[in-house]
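Chemist: Could you have a look at this structure, given as structure tokens, before my questions?
The values are calculated or read from the model by the stated rules, or taken from the named source; none is laboratory data. Small disclaimer: the values here were computed from a predicted structure and weren't measured. Ideal geometry is used to build each Cβ from the backbone, glycine not excepted, and the neighbour counts take in all protein chains shown.
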Amino acid sequence: MTGTLATASQTGNDTARNQRYDTVIHRRRTRTVMVGDVPIGSEHPVAVQSMINEDTLDIEGAVAGIRRLADAGCEIVRVTTPSMAHAKAMGDIRAALRAQGCGVPLVADVHHNGIRIALEVAKHVDKVRINPGLFVFDKPDPGRQDFSREEFEAIGRRIKDDFAPLVEVLKTQNKALRIGVNHGSLAERMLFTYGDTPEGMVESAMEFVRLCDELDFHNIVISMKASRAPVMLAAYRLMADTLDREGFHYPLHLGVTEAGDGDYGRIKSTAGIATLLAEGLGDTIRVSLTEAPEKEIPVCFSILQALGLRKTMVEYVACPSCGRTLFNLEEVLNQVRDATSHLTGLDIAVMGCIVNGPGEMADADYGYVGKTPGIISLYRGREEIRKVPETEGVEALIQLIKDDGRWVDPA
């Protein structure tokens, strides 16, 4: 018996170790949740989403903002609905989009005491997002010292009473729900009970998850957003462990909220989102930048492509340049990118010399490598195809791709 247990334990350890050193990301297994016609879950590509910043009451402006996101490649678009008027406007927005041939799924963001708003907007969207910390919202009491068990449970009953009608509507219409926890807006009773912690965030979500389970509703996606990446990482890891331990295999929506703008906003978002994706966590992502929403989409696709989770653009492999480089590598890389960036599914390498070039670019489909001063070698995979003058290098690379039938003309 002991030997059998030891062998089983060793097998489990070996499996975990092999996965840790594997070059393939092993995604956490989840159920599939449909948002319109976009599936979210571990059996499907990680979906990309964003949120417009136009006022929802501005029908024309909101439609234009959603179209810009959809045209940029956004697969799910969220819209804020802070009032009943905003909720009703979603009907006009959806109708206008569909009349224009835009079928991108829509998500309504509902916050403070928003059950009436949620019930109205559910008619017009594919998913409703609620914030557990604000769904039943009471103004914090500055004189409060703690919450008794009775007070805690009484608020829980209020939540269930308010939440159940929304669940029934979503279930009847076969629509989805995002339980979206924000670190900065935990309910007062959660803060007193669990502190301003990842545990408090997880318990906020789990209260709603368990209510959905009681009502036999399972079209759920969950997010655990924070403005600090370490908090976000801890919350998502704990959330995934808690869900799986209790048998709730729901997809996760990843994001670092309020990441800012520019390089730092992109780096901060990538630090949180990519870390979790590499661990196999996450089924849909949103990069939150203080910029035009459509600028978030290339960052999402770049994260997914860098991890090998989606192939939506050309992957460029380029050495950092050194004293052996035989041409202006940065300039040539830009020329190659300008000529080929409209293609998809290719890996193209631009390497400064043959010392490391052919080896370092071995996984690329095509290579542009400095051979000798003024001469370029073109590769297909590991095979050197031809040598051409540097002045003809980019044209020759394009011709090689055309010869292989992998070229399409830019739009």
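Chemist: Do you know which of the residues in the range 76-101 that are hydrophobic (A, V, I, L, M, F, W, C) and surrounded by fewer than 17 Cβ atoms within 10 Å (Cβ to Cβ) is farthest from I159 (Cα to Cα)? It would help to see each step written out before you state the result.
Modeler: Taking the range 76-101 first, the residues hydrophobic (A, V, I, L, M, F, W, C) are 76-77, 79, 84-85, 87, 89-90, 93, 95-97, 99.
Within this subset, residues satisfying the condition of being surrounded by fewer than 17 Cβ atoms within 10 Å (Cβ to Cβ) are 84-85, 95, 99.
Details: M84: 20, A85: 24, A95: 32, A99: 38 Å.
Within the range 76-101, the match that is farthest from I159 (Cα to Cα) is A99.
Chemist: Hey, among the residues in the range 114-157 that are over 24 Å from E168 (Cα atoms) and among the polar types (S, T, N, Q), which one's surrounded by the most Cβ atoms within 10 Å (Cβ to Cβ)?
Modeler: Checked the range 114-157; the qualifying residue surrounded by the most Cβ atoms within 10 Å (Cβ to Cβ) is S148.
Chemist: Tally time: how many residues in the range 248-279 are farther than 23 Å from K127 by Cα, in a loop (DSSP other than H, G, I, E, B) and out of contact with any helix residue (DSSP H, G or I) (no Cβ under 6 Å at 6 or more places or on another chain)?
Modeler: 3
Chemist: Here's another thing I want to ask about it. So is V369 more than 24 Å from G308 (Cβ to Cβ), more than 34 Å from the chain's Cα centre (by Cα) and of a type in the set (A, V, I, L, M) or not? Walk me through it before giving the result.
Modeler: On the way: more than 24 Å from G308 (Cβ to Cβ): no; more than 34 Å from the chain's Cα centre (by Cα): yes; of a type in the set (A, V, I, L, M): yes.
Answer is no for this residue.
Chemist: I need every pair where a residue in the range 112-124 that is assigned by TED's automatic domain parsing to the domain that holds T81 has its Cβ under 6 Å from the Cβ of a residue that is modelled with pLDDT of 95 or more and part of a loop (DSSP other than H, G, I, E, B), sequence separation at least 6 or different chains.
Modeler: Close Cβ pairs satisfying both conditions: I117/T81; V121/T81.
Chemist: Identify the single condition in (1) closer than 25 Å to A306 by Cα; (2) without any contact (Cβ under 8 Å) to a residue 40 or more places away in the chain; (3) among the hydroxyl-bearing types (S, T, Y) that T197 does not satisfy, given that it satisfies every other one.
Modeler: The one condition T197 does not meet is (1).
Chemist: Please specify each residue of the range 47-64 satisfying the condition of being crowded, with 24+ Cβ neighbours inside 10 Å, more than 13 Å from A108 (Cβ to Cβ) and out of contact with any strand residue (DSSP E or B) (no Cβ under 6 Å at 6 or more places or on another chain).
Modeler: Result: V48, S50.
Chemist: Output the number of the condition that D196 fails; it satisfies all remaining conditions of (1) in contact with a helix residue (DSSP H, G or I) (Cβ under 8 Å, 6 or more places away or on another chain); (2) more than 17 Å from L134 (Cα to Cα).
Modeler: (2) is the only condition that D196 fails.
Chemist: Same structure, new question: May I ask you to list the residues in the range 259-279 that are surrounded by fewer than 17 Cβ atoms within 10 Å (Cβ to Cβ) and without any contact (Cβ under 8 Å) to a residue 40 or more places away in the chain?
Modeler: Selection gives D261, G262, D263, Y264, I267.
Chemist: Considering only the range 280-390, give the helices (runs of 4 or more DSSP H) lying wholly within it that have at least 1 residues that are touching a Lys or Arg at 6+ places or on another chain (Cβ under 6 Å) and either crowded, with 16+ Cβ neighbours inside 10 Å or modelled with pLDDT of 90 or more (or both).
Modeler: Answer list for the range 280-390: 296-306.
Chemist: Additional query: Could you check the range 68-136 for strands (runs of 3 or more DSSP E) lying wholly inside it with 1 or more residues that are out of contact with any Lys or Arg (no Cβ under 8 Å at 6 or more places or on another chain) and aliphatic (A, V, I, L, M)? Working first, answer last.
Modeler: Details: elements: 76-80, 106-110, 127-130.
Where strands (runs of 3 or more DSSP E) fall fully within the range 68-136 and carry at least 1 residues being out of contact with any Lys or Arg (no Cβ under 8 Å at 6 or more places or on another chain) and aliphatic (A, V, I, L, M), they are 76-80.
Chemist: Continuing with the same structure: Name the residue that is nearest to A108 (Cα to Cα), counting only residues in the range 180-210 that are hydroxyl-bearing (S, T, Y) and surrounded by fewer than 19 Cβ atoms within 10 Å (Cβ to Cβ). Give the derivation first.
Modeler: Taking the range 180-210 as the starting set, the residues that turn out to be hydroxyl-bearing (S, T, Y) are 185, 193-194, 197, 204.
Within this subset, residues satisfying the condition of being surrounded by fewer than 19 Cβ atoms within 10 Å (Cβ to Cβ) are 185, 193-194, 197.
Values: S185: 18, T193: 30, Y194: 29, T197: 27 Å.
The extreme case among them is S185.
Conditions tested, residue by residue: (1) in contact with a strand residue (DSSP E or B) (Cβ under 8 Å, 6 or more places away or on another chain); (2) among the acidic types (D, E); (3) without any contact (Cβ under 8 Å) to a residue 40 or more places away in the chain.
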{"site": "K171", "(1), (2), (3)": "no, no, no"}
{"site": "L177", "(1), (2), (3)": "yes, no, no"}
{"site": "G180", "(1), (2), (3)": "yes, no, no"}
{"site": "R210", "(1), (2), (3)": "no, no, yes"}
{"site": "N219", "(1), (2), (3)": "yes, no, no"}
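Chemist: Of the numbered conditions (1) in contact (Cβ under 8 Å) with a residue 24 or more places away in the chain; (2) more than 21 Å from S223 (Cβ to Cβ), P320 fails exactly one; give the number of that condition.
Modeler: Of everything listed in (1) in contact (Cβ under 8 Å) with a residue 24 or more places away in the chain; (2) more than 21 Å from S223 (Cβ to Cβ), P320 misses just condition (1).
Chemist: Please go through the range 33-65 and pick out each residue that is free of Cβ contacts under 8 Å to residues at least 40 places away in the same chain and in a loop (DSSP other than H, G, I, E, B).
Modeler: Correct list: E43, E54, D55, T56, L57, D58.
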